[in-house]
Amino acid sequence: MAEVAPTDITMARNRAVERATTWIQASAPDEDAKSPTRLRAFLSDAAGRTFALGAVDSVLRPDSLAAAAGHFHRIAPTVPEALPWYIRSAVRASGAMAPVLPSPVVPAVRSAMRSLIADITCDSRPKKIAAAIAAATATGARLELAVAASTARSEAEATAHRQRIIALLERDDVTAVTYRLGHAVHIENPWDFAELVAAAVDAVTELYVAAAAADTRLLLDVRELRELDLAIAVFTDVLEGAGTTVNAGMSVPAALADSHDAVRQLAAWARERDAEAPITIRLTDSAGSGAERDENTLNGWPQPALAGRVDILAAQVRGLEALIAAENAAAVRVSIATHDPFVLAYAVERSGDAGVDVELVMDAGFTPEWERAVHGDIAVTVSSLALNPRELEANVDAIAERLTAAALVIDDVARVTAADLPGHAAEITRRAQTDPPLSRRTLDRSAEIGDIAPGALLRPIATDSVDLTQAVMGIAHTAQSNHTSALDTGVDDLLFGGTPFVETAVFSERETGETAYGAAGFRNAQVTDPSLAANREWARATQEVTASDEAAPETWPTSADAVVMIRHGHGEWEALAAAERALVLERAAHHLEARRSDLIVAARPLGVAFADADRDVTTAVDFARYYAATVRELDAVSGAIFVAPGITVVAGSDADLIASAAEGALATLAAGGAAILVARPHEQRVIALLADALWQAGVPRDALCVAGGTAQQAAAEASVDSVLMSGSAADVEAVVHNQAEFAVNARVLGRNTMIVAASADVDEAAAALVSSAFSRDGAAFESVSIAILSGAIARSDRLATALIELTSAWGQRAERQAQARIDRGEPRHIALDEAALWALTTLEPGQRWLVQPRELADGTYTPGIRVGVEAGSRFASEHFAAPVLGILHAGGVGAATTMANALSTGAVAALMTTDVSDAEYWLRRAEAGSLHIGRATIDPVVQRQPSGGWHGAAVGPAAKAGGPNRLATLGTWRPTTGRAASGTLHLRGLDSRVTALIEAAQPDLDFDDFDWVRRAALSDAMAWDREFGHIRDVTRLGIERNLFRYRPATVAIRAGVGTPVRVVVRLVIAAVRSQADFTLSTAEGLPMGLRRALGEAEITLFVETDTEFAQRVVAGQIPRVRLTGADAADTAASIRAASVVPVATFAQQATTVGRVELLAYLREQTVSIGGRSVAAFSGII
C-alpha cells in the first residue's frame, strides 16, 4: 500500500463507515419500481437465479423455435415459488403450451425477457436510444455505455463492432463509452505479440480519433489476465500517436494479482507523457472472467485472480491509495467501480483528503435504491449495456454475463448491513495495508531447466491378496442393493438353485460417486502460458530460429542394423525392475522439456504450427511421466507375470509427430521392450532429437535405436516382434497384410463425425466444429471431416454465417503461416497427396462450396467447407488428410446417429446439443472410441482423454494411448504357480451366470482345477467392482467432465488342441462377466455337462479345426479373437494374413487375474463433456 499514515487510514475509515451507514439507511426499496422488483425477484435467491440463467440459455441460444420451446417446457415447472403468483402462473402456462404452439410462445417468452433486462440495459435501436439515455440520466448521473458483443470471431465481425462504437461516440447525448479489445479486434495468435499489437493499434485508432472529435471519453475495459499486457501496449501506443487531447482511460480488475503492477506502470507512463488530458485509470471489483478461469483449469495454470471478496475489495483500496498519490494528480483521473458501501465511501473520504476527484461507478439498474442513495450524496457514473432488444439471440453471452453480475451485486449489497459495516471496513483496510499479492503465473519457458528432481514414491496398484471370497460376497450384496430390485420370493423361476439370482456383472450407467484415482503421483504438465512476457519472448526467439538438419545423423542405419544392435544387448533393459525403468522415464520427461525449443523448430517443416508443436512437446512430457507412474503396476499384479513386447518398430504421424512418436517409444520402453524409431527424411530431425533426449535420460542405445524408412520397410527387412504406429489405412494395411507373423498395434487415421442438433448453441457449435475440422490442417487422428446437421439447424442462417466467418479467419491464419514459411525459406516438406488435392479442388454432383479453399504460394491450401454431401458420395466414404469439412443433413438426432455410425471409422464422434434426451440417446448408441459433447475433439490430454479408436480406427489389442491399460496390453502375460490352496471352495457372491457354468464343469475338474477357476471368477468380480464396471473421471476438473468407461466387445474364443477344460471355462466366464457378444470354438469336444450349460446360457459352440475357425472369423469380419493352445500363435498369423478387416488377436496364456483377462472382452471409451453441457447433462452419465 502507498505510504499512508495509519491514523489517516483509520480516520478515513471511520468517516467512511458513517457515510456508508447513512447510504444504507437511505436505500430502502422503492415499492413503486415494478421492473427492478421483478428483476430482484428472479436474482435475489439461488433458485430464481438458476431459473433466469437457465431460461436465457434454453430459450435464447437455440436457433430453432421448436428446440427453444422444448427447453422452456422442461424448465417452466421449476419456476421458483418465491416469485409472485402471477409470474409463476404465466411461466407455467407458457411452458405447458410451448411444445404445441412454439411460434407464439417462444417469441412471447423472449419478449418477457426483453422486459426483464430493460433496467440493466440501454435500448440501442436508433429510434429508442435517445429516450433510453434520457431516462438513464434523469437523476443527473453520468451514463457510460458499452456496446453488447461477444469475442470477435473474424476481422469482419470486429470491424462491424467498431462501427457500432463509433456511432455511439458520435452522439451528442453520449459522454462516455467503454469497449473490450477482444470485441473490437480479432485476436488470433497471442504468440505474435508485436504483430498483434501493431494490428490492434491500426484497428482501434479510429475509435480514439472519433472520441477526440466528439470529446467523449473512451475507456478500454480489461477483464482477464490474458488481455492485460496486450491492452496496455495497445492503449499506450494509440495515445502516443492519436494526440494529447483525447479523453481516454483503462479499466483494470483489482482482483488480478498482476493489476497492482499494471496500474503503477500505467500511472508512471501517464506522468512521463506530455499531454493536455490526463488518462483515467479505473479499478473494478470484478472477480475475473469465468472463461479465463476455465481456460486456466484446463491448461494447468494457477488462477490469476483473488478468490475472496474481501481480498478483492482490499486490493481495490490498495490500488486507490497508490493512484491518489500527489505525483499522479496532473496525469491520472482515478475511477472506482463497485457497489460495496464501504469502498465507495472510503474513496469519497480519501479523495477529499488527497484533494483529488475520484469517480464512483455503479452498474445501472442492478440495485436502483442503492444507486439513488449514493447519488443523493455524491455524483456517480452509471454504466449500462447498449443492446438492441431485437437481437437478444446474438448477444446471449453478454446478457448472461450481465445477469450474473447483477445477481452478485444484489447479494453483496444485501450482505453488508449497517451493523456489519464496522467489522467489514476494518478487515478491508487491514488487508489493504499488507503487501500486494505476487503474480501467480511463474512458468517461464525461457528459464534454464535445472537438474531433475527425484521421482515421487508411487503407490502400487491394489492386488487380490485380500480374502477374495469375503470381498466378492460384499460386492454381491452391494450390487444387489444398488443395481437390482427386490425379487418376489414366490416367483420360483427367478431363483437359481434355491437361492436368489445374483447379478454383479452390470455396467454402471452413472459416474461413480467414489473418489476416482488416476496414475499415482502423476500430474499433467502446464501448457505454455502466452500471457507472460517471458514466454512470449521465448516464443519469438524460437520462431526466429531457422530449421536445420544438425541434430539428425548424416547416415541413418537400416532397421536390420538396429535389430542386430538390440539383439546384442537389449536384455539389460528388459531385466530392469519396473520401478527402475520408471526413474529413467521421469528423467526422460525432464530431457524432453529441455529440448522443447529444438523440437518445435524441427517440427516446423512438417507444417506443424508453433502452438501445436508446443502442445505436442507438453504431451510427450506427459506421456513420459504418466508411463513412469503406471509402469510400476506391471510388477504389482498377483497371479500373473508380465512378458515384455520384445523389439517394436515405432512410427508416428506427421500431424503430431513429436507426441505420437514419443508415445510409441516411451510406452514400448516402459513395458520393457526395445524400440526402433523409424523416420522418413523429413521426419529425421524430430526423431533424432527425441531419441537423443531419451538416451541422455539413461535409455541404453541397445534398447532404443533410430532407423531410416517407413514402418512397412522396417517390418519387411528386419526380424521384429511388433509394430506400433499411427498412419493412414493404406499404410497400416500394408504392414498388417505383408507381415502377418507379428502383432501390429495402430491408430488409423480416418473419418470422424460431429452432429449438430437443432437445439445446439449456434456459436458454440460453429466454434467447436471449425476447430475440430481445421486444427492441424485436418490431418490429426481426432480431426472431424463430416458434420451432420440434424433437423432445423440445417436451415440456420446464423450457423452458416458463423461457419463462414470462422473458416475465413482460419484461412487468413493459413495465409500468414504460408508467408512466414516462404520468408524463412522453409517450404513445407510434405506434399498433399492426390486424394487430398481432390478434396480441396473438386466437387461432386449436387455439392457446392460454402467456403472454397484457395491454394497458397507454398502449395498449401486455406480451409474449405462443402455442402450438399450425400452419404454415398466419395467425400463421405474416404479419408482425406486435408482441411476440408463436408456437411450432410439428417432428420433428427436418431437418424444422424445412425448415419454417423455408418460413415465414421470409429476414432472420434461428437455431438453439439443442449437437449438432454438427444445426449442420452446418442451416448447409448454412438460407436467411437472417444465421444465428445459440447466441445471440440482435437488435442486430447494424457490420462484426461486417452487416445484410441474402435472399429477401423484401431488395429491390434493395444489399449488407448495415455490410458490406464496401455502398458498392460503391449506385452503378454503368463500365469504364476504355487499359490496356497483355498480354505473354502463355495461360489457364494459370484454372478449366477458364472456360477452355473462353473458348477456344470465341476465334475470334470479336479480339486486344483476347480480352485483355479474359482479364483479366476473371484478375481474377475473384484476387477469388475474396482475398475471395469464403473464410469470414472479421475481428473475431476469441474468445468469439464472426462469420463472413462468400458463397453462389451464382439469376440471369438478359440480353444486349440489340448486346451484343458479349466482354461475353456476360465475364458467363457470372463466373456460372460464382460457381457461380450461372443462365440466359443474348440478343437475337441467338451464334457456333456458343460455343453448343456453353454446351451442353456445361449452360448454358441463350434467344434472345428484351426483352419475352419480362421476362415469363419475372416468371413464374419469378427474384430477380436481370444486364442489359447499351443497353436495360438500360428492361428493368429493365419487370421491376420487372410483378413480384409484387421483382427485384434489376444493369444496369451490364460491367467486367473481378472484385471488382465477381462481386457480381451472389453472396449475402452472416453466421454468428454465440455461447455454448458457439463451442468446440463450431469444426470445422464
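A few points about this structure:
- Top-ranked residue in region 909-951 [being free of Cβ contacts under 8 Å to residues at least 60 places away in the same chain and in a loop (DSSP other than H, G, I, E, B); ranked as surrounded by the most Cβ atoms within 10 Å (Cβ to Cβ)]: 926
- Just one residue in the set 131, 167, 149 is in a helix (DSSP H, G or I) and within 29 Å of residue 763 (Cβ to Cβ); that residue is 167.
- Check on residue 1128, among the aliphatic types (A, V, I, L, M) and more than 36 Å from the chain's Cα centre (by Cα): yes
- Looking across region 409-438, the residues that are within 17 Å of residue 21 (Cα to Cα) and assigned to a loop (DSSP other than H, G, I, E, B) come down to 416, 417, 418, 419, 420.
- Scan region 286-312 for residues that are touching a Leu at 6+ places or on another chain (Cβ under 6 Å) and either within 30 Å of residue 213 (Cβ to Cβ) or not hydrophobic (A, V, I, L, M, F, W, C) (or both) and the total you get is 2.
- Number of the exception - residue 813 against (1) touching a residue at least 40 places away in the same chain (Cβ under 8 Å); (2) outside any helix (DSSP H, G or I); (3) of a type in the set (D, E, K, R): (2)
- On the stretch given as region 854-871, residues that are in a loop (DSSP other than H, G, I, E, B) and among the hydroxyl-bearing types (Ser, Thr, Tyr) total 2.
So that you can scan it fast, the table gives a plain yes or no per residue for (1) at pLDDT 75 or above; (2) touching a Gly at 6+ places or on another chain (Cβ under 8 Å); (3) in the same structural domain as residue 311 (by TED's automatic domain parsing); (4) among the acidic types (Asp, Glu):
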{"position": "393", "(1), (2), (3), (4)": "yes, no, yes, yes"}
{"position": "405", "(1), (2), (3), (4)": "yes, no, yes, no"}
{"position": "416", "(1), (2), (3), (4)": "yes, no, yes, no"}
{"position": "447", "(1), (2), (3), (4)": "no, no, no, no"}
{"position": "453", "(1), (2), (3), (4)": "no, no, no, no"}
{"position": "465", "(1), (2), (3), (4)": "no, no, no, no"}
{"position": "480", "(1), (2), (3), (4)": "no, no, no, no"}
{"position": "483", "(1), (2), (3), (4)": "no, no, no, no"}
{"position": "487", "(1), (2), (3), (4)": "no, no, no, no"}
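- Residues that are part of a helix (DSSP H, G or I) and surrounded by 24 or more Cβ atoms within 10 Å (Cβ to Cβ) within region 602-612 comprise 602, 603, 604, listed in sequence order.
Rundown of residues vs (1) of a type outside the set (Lys, Arg); (2) under 20 Å from the mean Cα position of the chain (by Cα); (3) closer than 30 Å to residue 742 by Cβ, yes/no style:
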position: 911; (1), (2), (3): yes, yes, no
position: 924; (1), (2), (3): no, no, no
position: 928; (1), (2), (3): yes, yes, yes
position: 931; (1), (2), (3): yes, yes, no
position: 935; (1), (2), (3): no, yes, no
position: 938; (1), (2), (3): yes, yes, no
position: 949; (1), (2), (3): yes, yes, yes
position: 955; (1), (2), (3): yes, no, yes
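- Matching residues, region 333-362, being part of a loop (DSSP other than H, G, I, E, B) and among the hydroxyl-bearing types (Ser, Thr, Tyr): 338
- Enumeration of residues in region 211-264 that are of a type in the set (S, T, N, Q) and within 33 Å of the chain's Cα centre (by Cα): 251, 259
- Across region 760-768, a minimum of one residue is classified as part of a strand (DSSP E or B) and in the same structural domain as residue 874 (by TED's automatic domain parsing).
- Residue within region 552-570 that is small (Gly, Ala, Ser), assigned to a helix (DSSP H, G or I), modelled with pLDDT of 90 or more and surrounded by fewer than 19 Cβ atoms within 10 Å (Cβ to Cβ) present: no
- Lone qualifier among 429, 404 - being under 19 Å from residue 337 (Cα atoms) and buried (at least 19 other Cβ atoms within 10 Å of the Cβ): 429
- Note on region 764-803: residues that are more than 17 Å from the chain's Cα centre (by Cα), acidic (Asp, Glu) and surrounded by fewer than 24 Cβ atoms within 10 Å (Cβ to Cβ) total 1.
- The selection criterion, being of a type in the set (Asp, Glu), in a loop (DSSP other than H, G, I, E, B) and over 27 Å from the mean Cα position of the chain (by Cα), does not hold for residue 823.
- Number of positions in region 253-265 that are hydrophobic (A, V, I, L, M, F, W, C) and either surrounded by fewer than 22 Cβ atoms within 10 Å (Cβ to Cβ) or free of Cβ contacts under 8 Å to residues at least 40 places away in the same chain (or both): 2
- Of all residues in region 1083-1101, those satisfying the criterion of being of a type in the set (Gly, Ala, Ser) and either touching a residue at least 60 places away in the same chain (Cβ under 8 Å) or in a strand (DSSP E or B) (or both) are 1089, 1093, 1097.
- Inter-residue pairs, beta-carbon under 6 Å, first of a type in the set (Gly, Ala, Ser) and in region 297-313, second crowded, with 22+ Cβ neighbours inside 10 Å, 6+ apart: 305/255; 305/256
- Some residue of region 952-975 being farther than 19 Å from residue 1164 by Cβ and assigned to a loop (DSSP other than H, G, I, E, B): no
- Subset of region 708-726 (residues that are farther than 22 Å from residue 575 by Cα, surrounded by fewer than 23 Cβ atoms within 10 Å (Cβ to Cβ) and either not polar (S, T, N, Q) or not assigned by TED's automatic domain parsing to the domain that holds residue 591 (or both)): 708, 709, 716, 717, 718
- Some residue of region 369-378 being of a type in the set (Gly, Ala, Ser), buried (at least 18 other Cβ atoms within 10 Å of the Cβ) and more than 45 Å from the chain's Cα centre (by Cα): yes
The values are calculated or read from the model by the stated rules, or taken from the named source; none is laboratory data. Here the structure is a predicted model, which is why all the values come from computation and not from measurement. Don't worry about glycine lacking a Cβ; one is built from the backbone with ideal geometry, like all the others, and counts go over all protein chains shown.
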